[in-house]
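Read-outs throughout are calculated quantities, based only on the coordinates presented, and are distinct from any laboratory measurement. Not measured: the values here are computed from a predicted model. So basically every Cβ, Gly included, is an ideal-geometry build from the backbone, and we count neighbours across all protein chains shown.
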Amino acid sequence: MQGCPPRAGGRSGRVALPVKALKAGQESYWLDQIARNREEYFSSRGESPGRFVGSAAVAASLEGVASPEQVRAMFHGLDPATGTQRCAPLWRADPRSKLAAGPLLEALKTEATERGVEDLEALAGSKALKGDVRSVQAACRLGGARRVKVETVERLCRKILGVDPRSLYGEGFERAWQHRGKRVNERVQAYDHCFSSPKSVSLLAAGGSPQVRRLLAEGRAEALHVAIGYLERHGIGVRRDHNGVDRYQAVGGLVAVAFEHRMSRAGDPNLHTHVLVQNAAQGPDGRWTALDSDRLYAHLMAADHLYLAAERATLTQRLGVRWGPVDERSGAAEIQGLDDRTLIERFSKRSEQIDHWLDTHGLSGIKASSAAAVATRASKDYSESEHSVYQRWTAELAEQGVGERRLVEVCSGGRGRPATRTELDAALDALAGPDGLTGQVSTFTRTDTVDALAKRLPVALGRARARPGRAGGRPVSGRASRPGRPGPAPGRRRVLHAGAVGPGAATGRRLHQPDRRELRHRPVRAGPPSPRPPRHRRGRPGGHGP
């Protein structure tokens, strides 16, 4: 059902957010995951069951594996710990009780022409019928819903047109009429955000020893903690007042369930984590309401790239791997020694299936890729044991010339070192310079700053801790003049501002340092980068997701 959206649309050149909004009724897949994996995981089959993450979950003593009842509560706006109502349902007419407005509008226009009237509302003999006519017109305008309730269709056909609605809609009217008056909860109940590792990380886990897999899992868990922490500090907010014009930082963090998956639907190694975030947060007034989705979406890509930077840091620290250059679009980098293009494509069969479907149908782009993922999606195979899976992957890697000796060499790059003051100053000055954050645009946000730093300071944790507003003991600001060009007057320094915490852009005068917990991932010089970055396989729609 669910799947990670594409990281970089190779055919479209765009980057998609790896997130999907879920409503009540869409929890069945995840409930099945818990029920199936709770049994199969401990018998060395299947994926791991979902586990609670997030500060609000910890505060509510929600720890360990989530139960089906707790996930069901999340999808109904309830507190998964107590079952009390957090967010009221958003009742709307059942979509099955609606019909296309186009045929009805054309019939009304024909009737108006025959009667010699220009205004369609003139056909109505009551205020209620005039309202029905306006609703049909509104549905057919650009950006309209294009659908109207079956009750509206029945009234207008009977009282204005004098025809049987079946003459316009056939059996469709009967099907819609069966659902008249029904309401469904249209409120978004959760967000499924997918944190996906580069393919080379998955290959290292596939062919590595149990100890390597354990260290790699610990590193990924720490990276996930960093990304969720960033979202809680900056991306989780609520809206208040009429139409939600007032926006506030949420109190207490988020409640989420993380599902760790290790393979794609095609059976290839593909490490990724689905994080189901409940669409509920507590505001400064103590009330629980829906998340500010604008704020969340504005920070998701930065959180994703921060996850990748933290993953590089922790895996360098634990395993001594070296990394190639960071891809500017996806924010990903491959492990040196496992970054061969042929090797990566050999273990990306799911992406090949999607690309073949796109070629066959002559389509491209993110939406087309999503459609291709659905069209080519197969059920996951849970019959293969964990031991058999790793045996198969080891044999497939050996066929590509990647054996035990190669994997030992991959993990022999050294633990790196913290960046020097000179290296850190150079990176920060580059961001504040004319070719940095304002090289292409005149405004930028905190998310742009975090995103750029995550790509420029990618490798390992430093021991030093930067104070707020400073990095390595200096303010995060930079000269905005090119070498050889006139700069600011002596004694004056032009600096840039990224102080906006929400999605809005800012154009002030200081490039503030993001929170010190994001910048503590200091760079490590662990070997020269590859000349050209490879294309990264980090997930396509349904490529490795559930």
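Could you rank the peptides 434-440, 278-284 by their average count of other C-beta atoms within 10 Å per residue, with the highest value first?
Output ranking for 434-440, 278-284: 278-284, 434-440.
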| query | Once the piece of chain linking SER209 and ARG155 is laid out straight, how much longer is it, given 0.36 nm per residue of separation minus the C-alpha distance between them? | reply | 12.4 nm
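Between beta-carbons, use under 13 Å as the cut-off and find the net charge around GLY181, counting Lys and Arg +1, Asp and Glu -1.
+4
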| message | Can you list residues from other chains, or at least 5 along the same chain, whose modelled amide H is less than 5 Å from the amide H of VAL188? | response | none
| remark: XL table LYS23/LYS130; LYS23/LYS98; LYS20/LYS182; LYS109/LYS149; LYS98/LYS127; LYS23/LYS182; Cα-Cα > 24 Å flagged, in table order, is LYS23/LYS130; LYS20/LYS182
| How much FRET efficiency would the formula 1/(1 + (r/R0)^6) give for ASP294 and ALA60, where r is the Cβ-Cβ distance and R0 is 22 Å, rounded to 0.05? | 0.25
| message | Net charge within 15 Å of VAL255 by Cβ-Cβ distance, Lys/Arg positive one each and Asp/Glu negative one each, not counting VAL255 itself? | response | -3
| field | Per-residue ³J(HN,Hα) for region 298-303, Karplus 6.51 cos²θ - 1.76 cosθ + 1.60, θ = phi - 60°, Hz, x for Gly and Pro | value | 5, 9, 5, 5, 5, 5
| Using θ = phi - 60° and the Karplus curve 6.51 cos²θ - 1.76 cosθ + 1.60, what whole-Hz ³J(HN,Hα) does each residue of region 136-143 get, with Gly and Pro shown as x? | 5, 5, 5, 5, 8, 6, 4, x
| Which value in nm describes the separation of the simple spin-label points at ALA100 and THR113, placed 7 Å from the Cα toward the beta carbon? | 1.9
| field | Shape call, region 297-340: gyration tensor on alpha carbons, a/c limit 1.5 | value | oblate
| ³J(HN,Hα) computed for each position of region 102-117 - Karplus, 6.51 cos²θ - 1.76 cosθ + 1.60, integer Hz, glycine/proline x | x, x, 5, 5, 4, 5, 5, 5, 5, 4, 5, 5, 5, 8, x, 10
| said: Quick check: residue separation of ALA88 and ARG329 times 0.36 nm, minus the Cα distance between them. What number comes out in nm? | reply: 82.9 nm
| Sparse-neighbourhood loop sites, GluC sites (Glu not before Pro) in region 77-170 - DSSP loop, at most 14 other Cβ within 10 angstrom | GLU118
| Which aspartates and glutamates, on any chain, are close to LYS159 with Cα under 15 Å apart, when same-chain ones fewer than 8 places away are left out? | GLU111, GLU121, ASP132, GLU151
| remark: The long-range amide H neighbours of VAL53, using H built 1.01 Å from N in the peptide plane and a cut-off of under 5 Å, are ALA256, VAL257, ALA258
| Amide H of CYS411: which non-local residues (sequence gap of 5 or more, or other chain) have their own amide H closer than 5 Å, using H built in the peptide plane? | none
| query | If you wrap region 92-184's Cα atoms in a convex hull and average its projection over all directions, what's the area in nm²? | reply | 5.8
